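Derivation of every value follows stated rules applied to the coordinates shown; laboratory data play no part. In this text, all values refer to a predicted model and were calculated from it rather than measured experimentally. Cβ sites come from the backbone with ideal geometry, for glycine too, and all protein chains shown count toward neighbours.
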Amino acid sequence: MTMPLASGHPKQGKAITVAVVEDDATTRNSLVELLRRTRGFRCVYAGASGEDALAQLPKLQPEVVLMDIHLPGMSGVECAGRLKDLLPETQILMLTVFEDSETIFNALQAGASGYLLKRTEPLEVLKAIEDILQGGAPLSSQIARKVIQAFRTPRPNAPPDTRLTRREEEILACLSEGYADKEIADHLGITIPTVRTHLTHIYKKLHVQSRTEAVVKSALGRGRVVPTKPGV
């Protein structure tokens, strides 16, 4: 089921446009109502399936998508990956009941920029939407460790721009120890916006790295040879 457009309260400047993809009607309606009643936010879509979201969201181009990680039919992880290809500038926050590190990590590889637990307080949901547009996103210590491991595992034909810089490695190491953004900034002597910029780069590299690996595996599975150098 797709809900008609719902506008939030007007404010000076542009309201943040948000889409909600959630199959549980109670949760979906609560999020829509929260956005509708909050100045500075505008819900442009509310749907219950990944298939419908893929059909509708490219036309609406929301700035942020709140995506249930476990959807019927196409999963939220798969939908996030396909949606990110269609709307590379759109930020995707996964909604999950439990902090399932493996599934959340897969969602980050697919193109999501963070996640929210469904029990998150309404004000924190709004703050997370604002933060993600500034480069912030929640990343638990367990998931940060998985990200570090992913970059330490060699990938066939991985382009140089998918490797972590020394500073990005330092930030991930801090996250893996449970540091918050402000603590990382203080520890490394940089600003919070700089920390968030590095986090944005890490998410992009993780997604590109994942896509590169998938292409290589697909090619090898079809028996094609993937050259390591031009002309080889």
Worksheet, complete the sentence: The rounded separation in angstrom of the Cα centers of the range 121-146 and the range 50-92 is 18 Å
Response to the item:
Gyration tensor on Cα atoms of the range 16-133, a ≥ b ≥ c root eigenvalues, a/c under 1.5 rounded, else prolate if a/b beats b/c, else oblate, says rounded
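What length, rounded to one decimal in nm, is gained on full extension from Arg39 through to Glu51, with 0.36 nm per residue of separation minus their alpha-carbon distance? Present the calculation step by step, with values, prior to reporting the outcome.
On the way: separation 12, 0.36 × 12 = 4.32 nm, distance 2.98 nm.
Gain on extension, Arg39 to Glu51, equals 1.3 nm.
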Fill in: Counted charge near Lys118, where neighbours are those whose Cβ lies closer than 10 Å (Asp, Glu -1; Lys, Arg +1)
-2
Worksheet item: If you put +1 on each Lys and Arg Cβ and -1 on each Asp and Glu Cβ, how big is the dipole of the range 16-95 around its Cα centre, in Debye rounded to 20?
Response: 400 debye
Discussion item. Could you give each residue of the range 28-44 its phi-based ³J(HN,Hα) in whole Hz, using Karplus coefficients 6.51, -1.76, 1.60 with θ = phi - 60°, and x for Gly or Pro?
Written reply: 4, 5, 5, 5, 4, 5, 4, 5, 5, 8, 9, 4, x, 10, 9, 7, 9
Item to complete: Mind checking which aspartates and glutamates have their Cα closer than 16 Å to the Cα of Lys84? Skip sequence neighbours fewer than 8 apart in that chain.
Response: Glu51, Asp52, Glu63, Asp68
Worksheet entry | Phi to ³J(HN,Hα) by Karplus 6.51 cos²θ - 1.76 cosθ + 1.60 over the range 96-112, Hz, x for Gly, Pro | 9, 7, 10, 7, 7, 4, 5, 5, 5, 4, 4, 5, 5, 5, 6, x, 5
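Where does each of 58-65, 96-103 land if you order them by average Cβ count within 10 Å, highest first?
Values: 58-65: 17.4, 96-103: 14.1.
The packing order, highest mean first, is 58-65, 96-103.
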Worksheet item: Using θ = phi - 60° and the Karplus curve 6.51 cos²θ - 1.76 cosθ + 1.60, what whole-Hz ³J(HN,Hα) does each residue of the range 171-183 get, with Gly and Pro shown as x?
Response: 5, 5, 4, 5, 4, 5, 8, x, 5, 7, 3, 5, 5
Response to the item:
For Gly114, other-chain or 5+-apart residues with amide H closer than 5 Å (H placed, Pro excluded) are Met94
Fill in: Amide H within-cut-off set for Met74, under 5 Å, with H built and near neighbours excluded
Gly50, Glu51
